[in-house]
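Please treat every number below as a calculation from the coordinates, not as lab data. This structure is a prediction, so every number in the text was calculated from the model and none was measured.
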Amino acid sequence: MSIVTMINWATNLIVAITFLTIIELLGASGTFWLYGVIAVLSLLFVYYRVPETKGKSLEEIERLCIGEQ
């Protein structure tokens with residue numbers, strides 16, 4: 001959980017630092033389209049690459065993370 005929190009803070013920092021610069025380059029609508037595309041790509045990554053853990057034991061999750069089947 002701490003790693004996810006750190007990644008969340010890091011991505012929020014990246015957005016905060018780059019937002020005004022990207023607005024100057026792409027305009028307001030272009031900036032939000034860019035962030036929207038990034039969000040959709042992230043959603044696709046999670047959907048196809050992150051394994052489902054609902055109803056699995058810790059041992060099964062560990063095997064999924066290590067890659068053993």
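The slack between Val46 and Ile23, meaning 0.36 nm per residue of separation minus the straight C-alpha distance, is 5.5 nm. Once you have all Cα-Cα distances for the chain, histogram them in 5 Å bins from zero and send the whole-percent values. Computed distribution, short to long bins: 3, 14, 13, 19, 16, 12, 9, 6, 5, 2.
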